[in-house]
Structure formats: C-alpha cells, structure tokens
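**Q** There's a structure below that I have some questions on.
Taken together, the values in this text are just the output of simple stated rules run on the coordinates, not laboratory data. Note that the coordinates shown come from a computational prediction; the quantities given were computed from them, not determined experimentally. Here the Cβ positions follow ideal geometry from the backbone for every residue, glycine too, while neighbour counts run over all protein chains shown.
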Ligand SMILES: [Zn+2]
C-alpha cells in the first residue's frame, strides 16, 4: 500500500475519530480547567491516527526477529523550565491546516501525532509522543529534527528515529511530558526542522508545524485504581514474570507460570539449546498486534477478551523461540526466524499440520513466490507469510535434518547477497546443494502430492479472514494495537521510566466491547471447527466496520444489547456464547477482577441477567 493511499485512509478515519474526540472533550470540560488553544485542532490521545501499513518501523509486525531499538533519541525534559509558561507569540497559525495528502515536501499534520498512553491521559502519566510525518525519500531521516513543546515549553526534541520498510518516517519521544499534578487542556506544538536547516525537499516550511490540544484528566473510581497499578515480578525456574497489579495475568499467575515453563522448555528442546539466562516475560492486559512480540524480552497479551484469537501456549513457544535462537543465530533474517518460530510451536495459532496447511496455500491460490516473500516479509498478509515460511522450514528440516538446517539458519544474514532472497539462495546451495528456485520446485512437488483435508482448507480460509477483519477492527477502533502502527517500547524501560498504562490502557467503549466479543466468538467457533458459524459472525463484524459502526443485523444487535444489559450492573463482558434467546457470558465487575459467569435471556426486546 502506498503511503499516499494509507494517509488518505488515515485522514478519512481521523475525521470520524476527531468528532468523537470533540464530543468527549466537550463532555469533559465541565470537570476540567479550561485552557487556551482555542482555534487549534483538538486531539486527545483517543485520536490516535490510523496508520494503515505505515507505522511499523523496525520493530513492526511481531518484530521478534529484531532487537528492540534503544531509546537514545530521547532528550530528557528540561526540568529547569517552568511548566506553565504561556506562549502567545509562539503560536503557529492552526487555522490553516497543512494537508499532507497534498504536500509533497517535508510536512506534518495533526493526524501524524499520537500521544501515549491511549486513549486518555490521566494526571501522573508520563506522555510519549509518536510522530509519523511525511519525509520525502530524498531527505535523510537522521537529518530531520523535531521539537515538541507543551504550552510553549519544550519537553522533547531530537532527530527522527527511522524509516520503516513502507517508507514511513517515524520519531518516538518516550516519556517526555510528566503530567503529575496537571489537569485540563494543554497546547502541544510540534515543529519539524525548527532551524530550517533543510531546504531541498522542504519547499514549504510553513507546513512543518502543528498545534493540537491534549486533555489531561484526573482519574476517579476505577480509572484511578487502574492508574495506580504497579508492576509485580515473580521469579520461576525459567523466567522473571512481570505483570501489572489487578490484571487478568496477575489473577491467573499461578496457572500461567507452569504453562510458560512448559513453553520455554519446548522451545529449548526443539532448538536443542538451553537458555543462557532466565527470560523476562511481560504479560500485558491489552492486545497488541497478533498477541506478542519479543526482542531481548518477551511481551505477551493476556487479556480476558481475546479478540486477536487464542493459542496462548503456541504464542509463548513462538516468542521463546525468538529469544533462544538468538543465542546461536544472532544475525538471522525475519523470514526464516518467523518460519522457525512457527515450526518450533508446531503451528501458528494452534497445533497444525504445517505440511498440509502449506499445501492448502496452493489450493487457495494464496501462495507467494518465495523470493518475493523473503525480500519483503512483513508487508505480506500475516497468516500467509508466516505459514509459508514455516512450511519451507518444515520442508528443509525434513529434507536434511535439524543440524544442517541449524547451520544454514545461523549462516544466512543480510550480508550474504544483494537481496535477502540472494542470501538465502547462496546458503541453500552451500548447505543443500540446490538453488532457491530448485528448492522451491522440489517443495512444490512434495506439496502437490500431499492430500489436503477439506476441513483444513476451510480452517485456513477462515483463519485468514478472521485476522484480516480483526486487523481492520484495530485500524478503526483500536489503532495503536495494530501491528503496523503500534509503538512497541522496550518493556524493561517501560517498567523503569514509563507507565504500566503504556502497555495496558486501551479503548473500551461499548463498540469496542461489542466488536471484540463478536471477534472472540468467531475465534471460538473457528477453533471448534464450526466454520459456518465463524463466518456468519465475521460477516456481521465486517458489515459493521464497512458501515461506520452502524449495527443493523439481529445478531450484532443482540451482542450490543447484551453488552448494555450487563453494563447496567457494572459488568464488563469478556466472552459471550449466544444461542438464540439465551446467552452465557463471562464477566468481571470492577474493582473485582474475578471472572463470573452470567446467564442472560432475551425477554421481549431486552436482555436480562437470570443468574449472576
Ligand atoms: Zn514471531
């Protein structure tokens, strides 16, 4: 997807979100100090720009294969400056909105700025700024500096960090604004190239500045309890397990620890290597991407409403593999690393016959030529790319044994050829005596003779559809969870310098809960092999996403009304099994995090709770 296109999508979605934000802010004003910033476009953290395939940077897309970037670009806030200095003269002209859809030169729009934690900033949060400006190809990212000021006082500055593989420039300024003791609206001003050092490619320096308004809220009730959450660490045989207090993972820690132990052991056994040290594992109360990422440490989603699918055990093995394989193959490339991690797990989201499932890619005509996939791995549809990589790894291990594969895997690096496919090709010749094209041919021959169970075809087709729809849901309703736009900070640094909310807070509107429950129900049906039911639920979710959140069909209406009926008693639902006029649900009732089962029934047009 081109940047221009993705920006346009983002902008369109932004218009909707901005409206929501304005409403939120309007309703919040009564309780807050009125601040300046009158004509500036208003954006709270809720208004995270939607980035369709342009925010991933080097840590995108289950960036397990990549070391987590250090945060050395973050200048410390200037403590000597007053925090309440007004900036009447420094104000740009926010009434003229630069439009990066049209701007070809270096430019920044308010949709390019995200404040974390999302979706709300509570007093006491240390705010991170993520910038995704438009930087022409001709300009070196490192030459572009940005400064960020709050009410006229600079809190962060320095060069952008990187250009991701889609060409999108990104700068992240972590934990730069301490909101302790603050409340109300604050004017955030971001200026690119403040000294106007860049001339070529920055023909219009006026579109380098944006000013937005951020709302800092004093949390009350459950929000205050969530904001006061702290990290809790437990040491086990394999790992240091970090959880945030009063989350699902904290509640289930006793059960989780042995599952993790077993997962790490499986990764160690299949990779024939013992961990050189205990792993740091963070269970976070929020979905990010497909559920986890790993660099030197592992971050895994553990939430009650698992809208990105189940398969926790496979996920833990997968991320463990990404950490352990670096002990013998620190230079490994993404395509092989993801393929190996799926092979080590014995399946992507569950136990899967990888040979049969890869053969299914051919049946569904979803196969991507290997050279193309190897060279540009992460942008390829996630389930297809990972499965195909795992299929090839499985084939190579079956063909030449583990030791040959391990040597090959360790040897392939970006330095071995002009492209990654060339690097794989040259090492296949060395270790397998065949070129990439020959291996691909042989492998196809083997797949062609594999009998494919029709249920596997339906399973894969529905799985791909499920995750495509779940990602569309993320783009529209939980954008900073989307693997391409998520800020994925190093968890140890979050623990030391950031807020637990960086990895836990998330949008929880009625629409979020309803759509997440439906996605969860689709995943349950898919896992039970009820593909027809899974697809009916996905049809319904797809219609809602296509129609700007309008809920029309009876099934979706039932889910929404169930969510509302439960909310009247302060229940947050995590799973709903809908059968005609009855529903069985799992719920929590804050501040209690214990899961409770509810039985609900449709009476007339309202759902009522029969037992709880
Ligand atoms: Zn991975």
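**Q** Roughly how many nanometres apart are two label points built 7 Å out from the Cα toward the Cβ at residue 204 and residue 104?
**A** 1.2 nm
**Q** From Cα pairs below 8 angstrom and at least 6 apart in sequence, can you work out the relative contact order of the stretch 522-599, rounded to a whole percent?
**A** 15 percent
**Q** Quick one: which of 382-395, 411-424 comes out on top by average Cβ neighbours within 10 Å, and what's the full order, highest first?
**A** 382-395, 411-424
**Q** Once you sort the root eigenvalues of the Cα gyration tensor of the stretch 353-477 as a ≥ b ≥ c, which label holds: rounded (a/c under 1.5), prolate (a/b larger than b/c) or oblate (the other case)?
**A** Cα axes put the stretch 353-477 in the oblate bin.
**Q** Which order do the peptides 290-303, 526-539, 176-189, 318-331 come out in when sorted by mean C-beta neighbours inside 10 angstrom, highest first?
**A** Per-residue mean Cβ counts within 10 Å order the peptides as 290-303, 318-331, 176-189, 526-539.
**Q** Taking square-rooted eigenvalues a ≥ b ≥ c of the alpha carbon gyration tensor, is the stretch 480-601 rounded, prolate or oblate, where a/c under 1.5 means rounded and, failing that, a/b exceeding b/c means prolate?
**A** Prolate is the answer for the stretch 480-601, as a/c is 1.5 or above and a/b outweighs b/c.
**Q** When only Cα pairs under 8 Å and 6 or more residues apart are kept, what is the percent relative contact order across the stretch 298-367?
**A** 33 percent
**Q** So for the pair residue 594, residue 277, with labels modelled 7 Å out along Cα→Cβ, what separation do we get in nm?
**A** 4.0 nm
**Q** How long is the gain from residue 510 to residue 407 if the chain were fully straight, where each residue apart is worth 0.36 nm and the alpha carbon distance is subtracted? Walk me through the intermediate numbers first.
**A** Numbers: separation 103, 0.36 × 103 = 37.08 nm, distance 5.15 nm.
Taking 0.36 nm per residue and subtracting the Cα distance, the gain is 31.9 nm.
**Q** Cα centroids of the stretch 337-398 and the stretch 140-192: how far apart, whole angstrom?
**A** Measuring centre to centre over Cα atoms gives 38 Å.
**Q** Let me know the shape class of the stretch 286-413, please: from the alpha-carbon gyration tensor, a ≥ b ≥ c as square roots of the eigenvalues, rounded when a/c is under 1.5, otherwise prolate if a/b is greater than b/c, or oblate.
**A** Values: a/c = 1.63, a/b = 1.18, b/c = 1.39.
Since a/c reaches 1.5 but b/c is at least a/b, the shape of the stretch 286-413 is classed as oblate.
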